[in-house]
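The values are calculated or read from the model by the stated rules, or taken from the named source; none is laboratory data. Just so we're clear, the structure is a prediction, and the values are computed from it rather than from any experiment. Heads up, the Cβs are rebuilt from the backbone with ideal geometry, glycines too, and the neighbour counts pull from every protein chain shown.
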Protein chains: 2
Amino acid sequence: MKNEQIVLAKRPEGIPGDDIFRFEETEVQEPAEGEVTVKSIYVSVDPYMRGRMSAGKSYTKPFEVGAPMGGHVVGKIEKSNAEGFEEGKYVKGIMGWQRYATVPADHLSKISNTELPLHLYLSTLGMPGQTAYHGLLKIGKPEKGETVVVSAASGAVGSVVGQIAKIKGARVVGIAGGDEKTKYLTETLGFDASVDYKSDDFGEQLEDALSEGVDVYFENVGGPVSDEVFKHLNKFSRIVVCGAISAYNNPSEDIGPRIQSTLIKTQTLMQGFIVGNYADDFENADRQLSEWINEGKIHTEVSIDEGFENLPSAFRKLFDGSNFGKQIVKVADE
Amino acid sequence: MKNEQIVLAKRPEGIPGDDIFRFEETEVQEPAEGEVTVKSIYVSVDPYMRGRMSAGKSYTKPFEVGAPMGGHVVGKIEKSNAEGFEEGKYVKGIMGWQRYATVPADHLSKISNTELPLHLYLSTLGMPGQTAYHGLLKIGKPEKGETVVVSAASGAVGSVVGQIAKIKGARVVGIAGGDEKTKYLTETLGFDASVDYKSDDFGEQLEDALSEGVDVYFENVGGPVSDEVFKHLNKFSRIVVCGAISAYNNPSEDIGPRIQSTLIKTQTLMQGFIVGNYADDFENADRQLSEWINEGKIHTEVSIDEGFENLPSAFRKLFDGSNFGKQIVKVADE
C-alpha cells in the first residue's frame, strides 16, 4: 500500500518557504507485534514546529532533515497487530505529516467519546488545550477579579486560556489582529475587552483596557506587542511564557527593552514552560476540559483546510496571522 | 543643637552628579513621647537609591526633591523619650543622610550583640544580607551540586549570595570586574570560579566556567553581562532578579535580546523581588546569618569612606565599579 509523506528537505531561514518541504512516496509498513497502522484524518500544524525545524539547542530535539515532519494527528486504525486496538477505531498521537503511520499502539490515545467533533482532539482536547490549562492554572494562577491578558487570543491556545480565565472569575483582555478576531473575542468568547495589535493606536487601546493593570499575562507572541503589555504589570503579577511566535523566524533580530528592571519594580514572576512538564496531570485536565465543553463554557474555533498537499501552506498561515482559531488540515474523510 | 542633612536638590539624569545634592543645616528636633534622637555613625549607600531618585512608578515611593536622602544608618541614641531605649545604646534603622535623626523608637532595631563590628548591621546583618538570603533561598533554591552564578559577586549582596550557595553545597561562579575582585572571590570567599566581565574574552571565560550550565543565576547587574549568562541556562533553571545596576542610570537605553524564547527553551523561572517581600522571615534570617558569621562561614568585605561630606562620592562609586565590598560612610566615631 502506498504512503505519502512530507519531509523536511532543508532547514529554513526566516519564514519557511515551499522549498524546505519535499513530498515523498513510500510503502506503508506492516504493523509488527504491538503496532497499528493508522490512516491520518486530521493533521495538526502548530507554531512550535518552527522551532524544531532549526538545528539549535531547544527543549526538544530538532526535526531531522530528510525525515517526515512530526506533529499530532487524529486518525482511524487501518490495520492492527495490538490487543485492544480494533480496526476502525479512532486514535490520536504524534504521527506526523503522512497519510499512514505504523506506530506502537502504546504511543497512541484512544478516542472513546466520538460525540464531540473529532478535530477537537487536536485543539481544546489536545495539546493546545492542555497547554492553556496547565500554563494558566499552574503558573498564572488567576484569582477572582484579577485581570488576565492573553496574546494571540483567538488562537488555539489563547482562546482556551481566556475562556478558562473567565470560568475562574477573572477579567479577561485579549490581544488579536483585526476587527474579525477582536469582535470574536468579546462577542463569541465573552472576553471583557479585546485590543487590536495591528491598529495604529494599539498602545492607547491597551492602556484603556488595562486601567486596573495586568495580574496575569499569558505570553504567546513576544516582540513589541508584549513590550507594551509589560508597561502595565501589577505588583506580584505573573507572566506565563508559552510562546514567542514573533521571534521564531528571526531569533537574532528579537531585540527590545530588557525586562529585569520591570520585574524588580513589580516583583513579577515570569516562567517559561512546555506542556510536557505537566504530563502527570493530563488526564485530569482532559476530564475538566471535556466537562467545560459539554457545559458550553468553552467554544473552539477551528480553521480546517482540506487536502494533504495543503499542509505547508496551512503551516505558513500561523506566522502571518491569516488563520483564525486552531489550524488543522483534513487529509481524508472520517 | 545643629543638624546637617544632604537633601535631593533635583532629580538626576544619567549618573548623579554633585549638583543633585544640597547640604543643609537645620536644628535637631527634640524627641516627642516614644521618640529618640540618634547620632549617625555608619551611613549606608546602596544601588537601589538611584531608582528612588527618579520620579517614575516603582516598588517604593521616590525620594522627594528637597527632602533628605533616605537610607539605613547605624547610630547611637543621643537622647531618649522612649521606654527601653537608653541613651548610649546602638540602634539601626532608616534614618537617612543626616548627622542626627529624631524618629519613633519602634521604627528602630536595637543592636544587642556589639561583639561583631557595628558596620555589619549595614551589610551582612542588614538589608544586603537579608536580600541575599531570601532571594537565593526562596527563589533560587539551589540544590547540592547545582551551579549558582552571581553577578556583582564581590558586592554587598553578591558576596553573601555566593557564600550561602557554597554552604548549601552548590558550585559557585562569581562575575566581577578586574583581577583584584575575581581573585578575592576564589581565594578569600572560596568560590569555585570567577570571571572578569571587563576582560576581552569574557564570553569564553564564562563558557569555560559554565561547562555544566547554570541552574541558578542571581542577577544584580542586567545588561550585556547577563545576556551572556542567559546563553548557558539549564533546563528548569531559576533567575533571581535582584538588581539591574547597569540600567539604573539610563533605563531608556536598556535594549538587548528579548528573553521569552530562552525562557521557553529551558523552562526557566525568572522572578523579581525586593527584600521587603520577606519581612515575616527577617528574624530567622538574622539568626542564621549571625550563626554563619560566628562560625567563620561568611566573610564580609567593607569599603568605609570617612566623613559626612563624602556621602555623594561614595554613592557614585557604586556605579563605576570602583568600590569593593559593601560601601559605607563613617560620619562619626563609635
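On the given criteria, is residue B:237 within 14 Å of chain A (Cβ to nearest Cβ), surrounded by 15 or more Cβ atoms within 10 Å (Cβ to Cβ) and without any contact (Cβ under 8 Å) to a residue 12 or more places away in the chain? No, not satisfied. With the condition kept exactly as written, say whether any residue in the range B:181-189 is acidic (Asp, Glu), surrounded by fewer than 21 Cβ atoms within 10 Å (Cβ to Cβ) and in contact with a strand residue (DSSP E or B) (Cβ under 6 Å, 6 or more places away or on another chain). No, because not a single residue in the range B:181-189 is acidic (Asp, Glu), surrounded by fewer than 21 Cβ atoms within 10 Å (Cβ to Cβ) and in contact with a strand residue (DSSP E or B) (Cβ under 6 Å, 6 or more places away or on another chain). The single residue among B:290, B:246 that is among the hydroxyl-bearing types (Ser, Thr, Tyr), out of contact with any strand residue (DSSP E or B) (no Cβ under 9 Å at 6 or more places or on another chain), outside any strand (DSSP E or B) and more than 14 Å from every other protein chain (Cβ to nearest Cβ) turns out to be B:290. Just so you know, in the range B:187-212 the residues that are closer than 28 Å to residue B:129 by Cβ and of a type in the set (Gly, Ala, Ser) include one that is farthest from the other protein chains (Cβ to nearest Cβ), and it is B:190.
Working only within the range B:284-309, note down all residues that are within 16 Å of the chain's Cα centre (by Cα), of a type in the set (S, T, N, Q) and under 20 Å from residue B:134 (Cα atoms). Lay out the reasoning, then the answer.
First, the residues of the range B:284-309 that are within 16 Å of the chain's Cα centre (by Cα): B:285-286, B:289, B:298-304.
Applying the additional criterion that residues be of a type in the set (S, T, N, Q) yields B:300, B:303.
Result: B:300, single match.
The set of residues in the range A:315-334 being under 16 Å from residue A:249 (Cα atoms) and either surrounded by 18 or more Cβ atoms within 10 Å (Cβ to Cβ) or among the basic types (Lys, Arg) (or both) consists of A:315, A:316, A:317, A:318, A:321. Tallying residues that are closer than 19 Å to residue A:296 by Cα, of a type in the set (Lys, Arg) and part of a helix (DSSP H, G or I) within the range A:157-182 yields 1.
Residues of the range A:196-218 that are aliphatic (A, V, I, L, M) and either assigned to a loop (DSSP other than H, G, I, E, B) or closer than 14 Å to residue A:266 by Cβ (or both): A:210, A:214, A:216. Taking the numbered list (1) surrounded by 23 or more Cβ atoms within 10 Å (Cβ to Cβ); (2) touching a Ser or Thr at 6+ places or on another chain (Cβ under 7 Å); (3) modelled with pLDDT of 95 or more in turn, residue A:161 passes all entries but (2). In the set (1) assigned to a loop (DSSP other than H, G, I, E, B); (2) not assigned by TED's automatic domain parsing to the domain that holds residue B:9, the condition left unmet by residue B:322 is number (2).
Between B:64, B:78, the distinction of being among the charged types (D, E, K, R) and surrounded by fewer than 17 Cβ atoms within 10 Å (Cβ to Cβ) belongs to B:64 only. If you go through the range A:164-177 and keep only what is surrounded by fewer than 24 Cβ atoms within 10 Å (Cβ to Cβ) and either closer than 17 Å to residue A:214 by Cα or aliphatic (A, V, I, L, M) (or both), you end up with A:166, A:167, A:168, A:169, A:170, A:171.
Residues to consider are B:103, B:45, B:36; find the one that is modelled with pLDDT of 95 or more, among the aliphatic types (A, V, I, L, M) and under 20 Å from the mean Cα position of the chain (by Cα).
Details: B:103 fails: under 20 Å from the mean Cα position of the chain (by Cα); B:36 fails: under 20 Å from the mean Cα position of the chain (by Cα).
The conditions single out B:45.
Restricting attention to the range A:249-287, report how many residues are within 7 Å of another protein chain (Cβ to nearest Cβ) and among the basic types (Lys, Arg).
Going residue by residue through the range A:249-287, those that are within 7 Å of another protein chain (Cβ to nearest Cβ) are A:251, A:254-261, A:263-274, A:277.
When the remaining residues are screened for being among the basic types (Lys, Arg), the result is A:258, A:265.
Residues in the range A:249-287 being within 7 Å of another protein chain (Cβ to nearest Cβ) and among the basic types (Lys, Arg): 2 in total.
Of all residues in the range A:104-136 being crowded, with 23+ Cβ neighbours inside 10 Å and among the β-branched types (Val, Ile, Thr), which is farthest from residue A:332 (Cα to Cα)? Among those that are crowded, with 23+ Cβ neighbours inside 10 Å and among the β-branched types (Val, Ile, Thr), it is A:131. Taken over the range A:302-314, the criterion of being crowded, with 18+ Cβ neighbours inside 10 Å and outside any strand (DSSP E or B) is satisfied by A:308, A:311, A:312, A:314. Residue check: is residue B:317 closer than 23 Å to residue B:184 by Cβ, at pLDDT below 95 and of a type in the set (Lys, Arg)? Against the criterion (closer than 23 Å to residue B:184 by Cβ, at pLDDT below 95 and of a type in the set (Lys, Arg)), residue B:317 qualifies. Applying the criterion of being in a loop (DSSP other than H, G, I, E, B) and touching a Lys or Arg at 6+ places or on another chain (Cβ under 6 Å) to the residues of the range B:137-156, the residue that is surrounded by the fewest Cβ atoms within 10 Å (Cβ to Cβ) is B:142.
Here residue A:221 clears all of (1) part of a loop (DSSP other than H, G, I, E, B); (2) touching a residue at least 40 places away in the same chain (Cβ under 8 Å); (3) more than 10 Å from chain B (Cβ to nearest Cβ) except the condition numbered (3).
Among the residues here, residue A:6 qualifies as in contact (Cβ under 8 Å) with a residue 60 or more places away in the chain, assigned by TED's automatic domain parsing to the domain that holds residue A:306 and hydrophobic (A, V, I, L, M, F, W, C). For residue B:210, state whether it is free of Cβ contacts under 8 Å to residues at least 40 places away in the same chain, closer than 28 Å to residue B:145 by Cβ and not charged (D, E, K, R). When the stated conditions are applied, residue B:210 does not pass them. Screening residue A:284 on (1) of a type outside the set (Ser, Thr, Tyr); (2) touching a residue at least 12 places away in the same chain (Cβ under 8 Å); (3) closer than 19 Å to residue A:140 by Cβ shows it passes everything except condition (2). Which of the residues spanning the range B:55-88 are over 18 Å from residue B:9 (Cβ atoms), out of contact with any Leu (no Cβ under 6 Å at 6 or more places or on another chain) and in a strand (DSSP E or B)? Matches in the range B:55-88: B:73, B:75, B:76, B:77, B:78, B:79, B:80.
Of the listed requirements (1) outside any strand (DSSP E or B); (2) in contact with a strand residue (DSSP E or B) (Cβ under 6 Å, 6 or more places away or on another chain), residue B:262 misses just one: (2). Close contacts from the range A:88-106, counting a first residue that is of a type in the set (S, T, N, Q) and a second that is modelled with pLDDT of 95 or more and buried (at least 20 other Cβ atoms within 10 Å of the Cβ), with Cβ to Cβ under 6 Å and a gap of 6+ residues or different chains, come to A:102/A:31; A:102/A:35; A:102/A:37. Scanning the range B:297-310 for residues that are modelled with pLDDT of 95 or more and either under 29 Å from residue B:238 (Cβ atoms) or in contact with a Gly (Cβ under 9 Å, 6 or more places away or on another chain) (or both) yields B:297, B:298, B:299, B:300.
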